[in-house]
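Asker: This is the structure I want to talk about, given as structure tokens.
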Amino acid sequence: MTTPVLEARNVTMRFGGLTAVRSVDFTVNSGEIVGLIGPNGAGKTTFFNCLTGLYVPTEGTVSYKGTVLPPKPHLVTQAGIARTFQNIRLFANMTVLENVLVGRHTRTKEGLWSALLRGPGFKKAEKASEERAMELLEFIGLEAKRDHLARNLPYGEQRKLEIARALASEPGLLLLDEPTAGMNPQETRATEELVFAIRDKGIAVLLIEHDMRFVFNLSDRVAVLVQGEKLVEGTSDVVQADERVIAAYLGEPFDGDPGAAEAAEVDAAEAQSTTGTKGEAQ
Ligand SMILES: Nc1ncnc2c1ncn2[C@@H]1O[C@H](COP(=O)(O)OP(=O)(O)OP(=O)(O)O)[C@@H](O)[C@H]1O
């Protein structure tokens, strides 16, 4: 049975005279991957910011599992919503492991004094946190780089680390703002697999994306935002074929075979790199 994880009702966000998001109703159910697409400036990131408490919506409410959320980022995270940002926001001079540990602070019950005095309660909590952080690094495939500085990771791994840090708050819903921006096709395919794996862990996912193959491949449902309003919502097939979406955003019908061209490109690149690796080992 599907139950709503996130429910946005009549969310409107105005900046002075500009209405960036207008009366948007939106639901994400448990077990779903939902895509949010739309042209530049359509209001997607503003809407994300309203969901996560970074902006206080001018009108409307956001509920998580039936409870209206206070518009405060730390309370939203504590409730169970985590996010990544369009631009990478890691602590560049901290290690991979430390970055994930930072993401765990909303789940650590130990208070400031306990942390300062480093008493037994703190040490136990710290050990448990570290174990959980390592599990997450294994999940995303970065466990071998736990002690590397975040700034020394390749771009695709920095994006993965952001996701691990978001997962460290043990969310029930993960919001991804353009997770494949700047990625090559191999990294994009790996991210696709990662998002499916996250969903399979019982975490609902809402993602903003400009890569149509990625979003139509992944999403159970896609919503299209145009000039702050929800134009269409439905399955990938329905959205791709909708005349209004084609006119306002896609420009031409999507070729209906998401992933085929990308898969061929990735397979070619992987075949090449496998040959290269074998060559080095011999
Ligand atoms: N803090 C702000 N103050 C004033 N206007 C803003 C603010 N944030 C966003 N806007 C405006 O709101 C509108 C929606 O912007 P937003 O960044 O949400 O769009 P978007 O769909 O995420 O675009 P993109 O795909 O380019 O990231 C734009 O006209 C933008 O200039």
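Asker: Can you give the net charge of the other residues whose Cβ lies under 11 Å from the Cβ of Asn49, counting K and R as +1 and D and E as -1? It would help to have the intermediate numbers written out before the result.
Answerer: Values: positive: Lys44, Arg83; negative: Asp177.
Taking every other residue near Asn49 into account, the sum is +1.
Asker: Another question about this same structure. Please report the spacing between the Cα centers of region 119-191 and region 13-30 in Å, no decimals.
Answerer: Cα centroid of region 119-191 versus Cα centroid of region 13-30: 30 Å apart.
Asker: For Val21, what is the net charge nearby, where nearby means another residue's Cβ is under 12 Å from its Cβ and Lys, Arg count +1, Asp, Glu -1? Write down the numbers at each step before the final one.
Answerer: Values: positive: Arg14, Arg22, Lys44, Lys230; negative: Asp25, Glu59, Glu229.
Taking every Cβ under 12 Å from that of Val21, the sum is +1.
Asker: Per residue of region 24-34, in order, report the coupling 6.51 cos²θ - 1.76 cosθ + 1.60 (Karplus, θ = phi - 60°) as ³J(HN,Hα) in whole Hz, putting x for Gly and Pro.
Answerer: 8, 9, 7, 10, 10, 9, 4, x, 9, 10, 10
Bear in mind that the values in this text are calculations on the coordinates, not laboratory data. Because the structure is a prediction, the values reported are computed rather than measured. Cβ atoms come from the backbone with ideal geometry, glycine included; neighbour counts cover every protein chain shown.
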